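Here's the structure we're looking at; comments come further down.
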Amino acid sequence: MALNVEEEVVRLKEEIQRLGQPQDDGSYKVKFGVLFNDDRCANIFEALVGTLRAAKKRKVVKYDGELLLQGVHDNVEIILLPPAETTA
């Protein structure tokens, strides 16, 4: 069963937190190659690059470039941005 884009972005956030390194500002950093080569991520995301692009468009993550390719961009850092500080 395929996840919808919003669900995939939520799962991506969880996987970046699992695999990444927490930063002082509340963000997490992980290299693209770590995400791409992780077995659990491979089982969750049919199209990791597409999910990353959707998350970037929603300002959930940031990274340099538009299209990430295995091998070529393994060392590109994906940054999971800290949750926005909003008050209800």
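Each of Arg53 and Gln70 was given a label point 7 Å from its Cα along the Cα-to-Cβ line. The distance between the two points is 1.8 nm. Averaging the sequence gap over all C-alpha pairs within less than 8 Å and six or more residues apart, then dividing by the number of residues, gives the chain a relative contact order of 34 percent. With protein chains left intact and a 1.4 Å probe, residues in the chain average 67 Å² of accessible area per residue. If a/c stays under 1.5 just call it rounded; otherwise compare a/b with b/c (prolate if a/b is bigger, oblate if not). Do that for the chain, with a ≥ b ≥ c from the square roots of the Cα gyration tensor eigenvalues. Oblate, since a/c reaches 1.5 and b/c is not below a/b.
Applying the criteria of a DSSP loop state and at most 14 other Cβ atoms within 10 Å to the GluC sites (Glu not before Pro) of the range 1-47 yields Glu46.
Near Ile44, once Lys and Arg are set to +1 and Asp and Glu to -1 for all other residues with Cβ below 15 Å from its Cβ, the sum equals -4. Annotation: amide H-H contacts under 5 Å for Lys31 (H modelled 1.01 Å from N, sequence separation of 5 or more, or interchain): Ile78.
Leaving out ligands, DNA and RNA, what percent of the accessible area of the chain is carbon and sulfur, probe 1.4 Å? Carbon and sulfur: 49 percent of the exposed surface of the chain.
Taking all Cα pairs closer than 8 Å and separated by 6 or more residues, the relative contact order of the range 11-51 comes to 29 percent.
The values are calculated or read from the model by the stated rules, or taken from the named source; none is laboratory data. Predicted, not measured: the structure shown is a model, and the values here were computed from it. Every residue, glycine as well, gets a Cβ built from its backbone with ideal geometry; the counts of neighbours run over all protein chains shown. Keep in mind that these areas ignore ligands, DNA and RNA; they rest on the heavy atoms of the full protein, side chains included. Shrake-Rupley method; radii C 1.70, N 1.55, O 1.52, S 1.80 Å.
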